[in-house]
């Protein structure tokens with residue numbers, strides 16, 4: 001029985017990149033949708049804060065300071081856990097003055113350039129420092145600066161690191177899709193194309 005020498009062609013690599021991108025996108029979507037339930041928690045916390053301010057009734061340990069800190073913690077988690085998903089869905093803020101009427105292939109090249117020059121270096125530096133930011137907070141047992149504020153400040157600081165990891169994943173996904181769109185076989189390129197684009 002002889003073994004066949006199987007060599008991977010360009011289509012195989014492009015198929016892998018597209019599969020990787022799809023897997024990242026699905027993971028980011030699940031994380032974003034799961035964390036979206038925190039909107040309800042945030043609404044409840046805001047309502048509680050308003051009522052306690054108006055009525056003057058407070059539960060010990062749940063005064064105005066920890067409630068307000070919890071509000072911005074939830075805001076931060078929601079923003080960070082949706083940021084990567086926003087990028088892969090192309091619903092993040094863009095400045096389209098110079099790119100609005102460019103053809104899809106030009107936009108793909110611009111995206112790759114932006115990722116290589118700006119996004120990747122930013123992700124490496126920001127994620128590295130975010131990890132150290134959370135690690136120092138954990139090792140020091142950091143709590144709120146306010147005497148009656150929330151403890152375990154490292155928890156919210158860790159979400160900065162996790163959020164940036166998801167942004168890094170979204171950058172990899174977008175880079176992979178643009179490479180497939182530009183260099184992949186026609187069928188794969190069509191699947192990787194942005195909405196409304198023709199290959």
Using only the alpha-carbon atoms, how far is helix 153-183 inclined from the longest principal axis of the chain? Give it as 0 to 90 degrees, nearest 10. 20 degrees
Report the gain in length on full extension from residue 53 to residue 75: 0.36 nm times residue separation, minus Cα-Cα distance, nm rounded to one decimal. 5.9 nm
Please determine, in degrees from 0 to 90 and to the nearest 10, the orientation of helix 104-114 with respect to the longest principal axis defined by the Cα atoms of the chain, where the helix direction is its Cα long axis. 60 degrees
Fewest-first ordering of 170, 64 by Cβ atoms within 10 Å yields 64, 170
Based on the mean of other Cβ atoms within 10 Å per residue, sort peptides 158-166, 65-73, 42-50 so the most packed one is first. 158-166, 65-73, 42-50
Packing-wise, with mean Cβ within 10 Å as the measure, how do 26-34, 13-21, 144-152 rank, highest first? 13-21, 26-34, 144-152
Could you pull the Cα extents of the range 133-199 along its three principal axes, largest to smallest, in whole Å? 61, 21, 11
Given Cα pairs under 8 Å that are at least 6 residues apart, what percent is the relative contact order of the chain? 32 percent
With the convex hull built on the Cα atoms of the range 13-192, state its orientation-averaged projected area in nm². 13.2 nm²
Tell me the angle of helix 10-35 to the major Cα principal axis of the chain, expressed in degrees between 0 and 90 and rounded to the nearest ten. 20 degrees
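None of the figures in this text is laboratory data; all of them are computed from the coordinates on show. Note that the structure is predicted; figures quoted are calculated from it, not measured. Because the Cβ atoms are built from the backbone with ideal geometry, glycine has one as well, and the counts that use them run over all protein chains shown.
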